[in-house]
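Since the structure comes first, as structure tokens, the remarks are kept for the end.
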Amino acid sequence: MEMPLELTFTNMDGSDALKTLVQEKAARLDRIFDHITSCHVYIKALQKRHIKGNLYGAHIGLRVPGSELFVNSGKDDEPSHEHVEVAIRDAFRMMERRLEAWKQKANNDVKTHEGPLQGKIAEINHDEGYGQIIATDNRLIYFHKNSVVGGSFDDLQQRDTVELVVQSDESEIGPQASTVRPISAMKFEPG
């Protein structure tokens, strides 16, 4: 693990087993995002109780480029936190989720669910088996009669609305649709 790790125990002694556990959990964070600049882990015995065991809390502060992320193991009265290992596990689970969310946001990987690309047939040549679609993103996209699904190429007319899938690599004639499907109405009009 390359990130600097600082570990602090308060109101308790830190055993080698706890230090090893924290190092292993921190290494998982480093695998999620390898540009963490620092990781501070605070483990604290919350209260001294005579009837039952102590409750423990774990707090983690993580620095990543342009931001700081903080979590704590949860409520101070969580019965399972009579075991310090459980408090550590809970805090690191929360930090993993927070780090994943931050990473997605930082990489603009937040999922959006947009509908399929739509357009209107701008030109169609039934004799030669091709046409062009003006898509809602204002691109003129070529299509071949073999790309038509859910209908017949011969039934298509100029100004018919379609959904289409554009090939990722452009052909020598420009963007080309790999799939064209006739639809009844278009959600957006090309500008």
- request: Extending each Cα 7 Å along its Cβ direction at residue 103 and residue 167, get the distance between those two points in nm, one decimal.
  value: 3.5 nm
message: Given R₀ = 35 Å, what would the calculated FRET efficiency be for residue 152 paired with residue 63, taking r from the Cβ atoms and rounding to 0.05?
response: 0.05
message: Classify the range 5-106 from the C-alpha gyration tensor, please: rounded if a/c falls under 1.5, else prolate or oblate depending on whether a/b exceeds b/c.
response: prolate
- line: With 0.36 nm assigned to each residue of separation and the Cα-Cα distance removed, residue 82 to residue 32 gains 15.1 nm
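Where a number appears in this text, it was derived from the coordinates with a stated rule and is not lab data. What you see is a predicted model; the values in this text were computed from it and never measured. Every residue, glycine among them, receives a Cβ derived from its backbone with ideal geometry; neighbour counts consider all protein chains shown.
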